Amino acid sequence: MIVDTSFLFAFYVLDDSNHERALSDFKAASEQLIITDRILEELITALVYKQGIAFAMAVLEETRTNKAFEAYSVSREEQAGIFNLMKKVRRDLSFYDYSSIYLSHARKERLLSYDRQQMGVLKGLGGV
C-alpha cells in the first residue's frame with residue numbers, strides 16, 4: 001500500500017485532526033506501507049515548518065528503521081508517467097499528489113491518503 005503525506009503527517013503529529021484515524025489505519029494495515037522518496041521529501045519539509053527540525057529528524061529516522069515502512073525511489077520512467085498524468089488530468093494538485101496517484105494506479109496498489117481531491121482523481125482513473 002502506498003502512503004501519502006496526509007496519512008503520515010496525521011500519524012506522527014499528535015494534534016492533527018486525523019491522528020486517531022491514522023493510528024487505526026496503521027494498525028489495520030496488513031501489507032507493507034510504501035513511502036516514496038517524493039512523499040518523504042514533502043513530509044519532512046512540512047514537519048520542519050510545523051514541528052521543527054528535531055521532530056522532523058526523529059520522524060525521518062523512524063521511517064528509516066520501522067519495518068512496517070518500505071522506502072521506494074521513483075524512477076525516470078515513472079517520472080515521465082507522472083508528467084503525462086499531470087497533462088491528462090490538469091487539476092491543481094502538487095507533484096507529490098500526482099506521484100502518489102500515478103504509482104497507486106500504475107502498480108495497482110491501494111493509496112492511503114486523507115486528501116479527498118487526490119482520492120477523487122484516483123477514483124476517476126479507476127484506481128484501487
- Residue pairs qualifying under the 6 Å Cβ cut-off, at least six apart or on distinct chains, with the first in the stretch 113-128 being on the phi < 0 side of the Ramachandran plot and the second being exposed (fewer than 13 other Cβ atoms within 10 Å of the Cβ) and at pLDDT 90 or above, are 128/108
- Every pair of residues 6+ apart whose Cβ atoms lie under 8 Å, when the first sits in the stretch 82-93 and is modelled with pLDDT of 95 or more while the second is among the β-branched types (Val, Ile, Thr) and in a helix (DSSP H, G or I): 85/101
- Task: Could you list all residues from the stretch 1-19 that are part of a helix (DSSP H, G or I) and touching a residue at least 12 places away in the same chain (Cβ under 8 Å)?
- Result: 5, 6, 7, 8, 9, 10, 11, 12
- Determine which single condition residue 114 fails, assuming it passes every other condition in (1) crowded, with 16+ Cβ neighbours inside 10 Å; (2) part of a helix (DSSP H, G or I); (3) among the aromatic types (Phe, Trp, Tyr). (2)
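The values are calculated or read from the model by the stated rules, or taken from the named source; none is laboratory data. As the structure is a prediction and not an experimental result, all values here were calculated from the model. A quick note on method: Cβ atoms are made from the backbone with ideal geometry, for glycine too, and the neighbour counts reach across all protein chains shown.
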